[in-house]
1. What do you reckon, is F103 modelled with pLDDT of 90 or more, touching a Cys at 6+ places or on another chain (Cβ under 9 Å) and aromatic (F, W, Y)?
2. Provide a single number: the residues in region 102-157 that are of a type in the set (A, V, I, L, M, F, W, C) and in a helix (DSSP H, G or I).
3. Can you pull out every residue in region 85-101 that is in contact with a Ser or Thr (Cβ under 8 Å, 6 or more places away or on another chain), charged (D, E, K, R) and either surrounded by fewer than 23 Cβ atoms within 10 Å (Cβ to Cβ) or part of a loop (DSSP other than H, G, I, E, B) (or both)?
4. Are there any pairs, at least 6 apart or on different chains, whose C-beta atoms fall under 6 Å, with the first in region 189-217 and of a type in the set (S, T, Y) and the second at pLDDT below 90 and surrounded by 17 or more Cβ atoms within 10 Å (Cβ to Cβ), and if so, which?
5. Looking at (1) at pLDDT 95 or above; (2) in contact with a helix residue (DSSP H, G or I) (Cβ under 7 Å, 6 or more places away or on another chain), can you tell me which one T231 breaks?
6. I'd like the residue in region 105-118 that is in contact with a Ser or Thr (Cβ under 9 Å, 6 or more places away or on another chain) and hydrophobic (A, V, I, L, M, F, W, C) and, out of all such residues, is surrounded by the most Cβ atoms within 10 Å (Cβ to Cβ).
7. Somewhere in region 15-30, is a residue modelled with pLDDT of 90 or more, crowded, with 22+ Cβ neighbours inside 10 Å and more than 19 Å from E135 (Cα to Cα)?
8. Would you point out the residue of region 173-192, among those that are under 20 Å from L28 (Cβ atoms) and either part of a helix (DSSP H, G or I) or out of contact with any Asp or Glu (no Cβ under 8 Å at 6 or more places or on another chain) (or both), that is modelled with the lowest pLDDT?
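The values are calculated or read from the model by the stated rules, or taken from the named source; none is laboratory data. These numbers come from a predicted model, not from an experiment. Positions of Cβ are backbone-derived with ideal geometry, glycine not excepted, and every protein chain shown enters the neighbour counts.
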Amino acid sequence: MGGLVSQSLPGATDVCCPAGRASHSFPLRISSEAARAASAAALGSATVATVLGYTTQLTREAGAHSVRLQLAPSGSTSAAQVGEEPCPHCAVVSIRSRDRLGFLPGIAALIRPEGSNALLLEVIVFARPDELLQEITQLPEDFLRGLFPVGDRVDVRILRSMTFQSYTGEDSTGAGFGDHPSEADPTEAALSRSEKSEWLAERLLDLASNLEAHFSSARHEPLPDSSYESTEFSAQEIESWLSDAGIRVTGHVPVTGLQHERLNEHAPPG
């Protein structure tokens, strides 16, 4: 599989996560098919990263939760994509915890500290399904801590770089989720803390929409490094995938008989 640190050991302990939905005020979510497709695209080579910590303050104020990583020096494709060229502002990534087979999708800010070759990531991980296993929202920090303990080494693959605009409409590169871009701009520097968190919340929703647009069934071109042929996944496959990644979902609707037919009725059109 090309993984660097994960071997899916039988004794690995799952993180029990109750099914849940994104809030109406901050609907950060993607479809389960887009989530599964992005994770399937991660079955090529990966880069090793070390877990440094969790949610930065501004990311938390925007309503999001994250895990912070530092990529290890590596000659892998993922590292090379960002090691020799200007660091993309954001990217779709997938991440796999130690001793696991399955990857989980996420959106990440890529940060290269000034004067350093180190590459830091702040990753919002999509791994909490709703009760029907149709939508996936972000994994809360308590569960991130259980799945990605500080100091652990994890596998990361950078799938797709994304560029987005700053508050003033200019391209912004090199900032993390917790950093408001272009503080030298007097207009942006004058923003209040609440305005900055609102700006970031809108930006995160745009990033999630970008992930959805690229990896959902609306796409027509094939995904690179993918092991699947269809973007249609059953609820059982979603549950199995999350289990492989270390997430044991609780509180969801059992998918059998008539309930399975109802799920198919609600599924997005192919």
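1. No.
2. Selection size over region 102-157: 3.
3. Passing the criteria: R98, D99, R100.
4. Going by the 6 Å Cβ cut-off, the qualifying pairs are S217/T231.
5. T231 satisfies all of (1) at pLDDT 95 or above; (2) in contact with a helix residue (DSSP H, G or I) (Cβ under 7 Å, 6 or more places away or on another chain) except (1).
6. Here the answer is A108.
7. No, the conditions are met nowhere in region 15-30.
8. Within region 173-192, the match that is modelled with the lowest pLDDT is A175.
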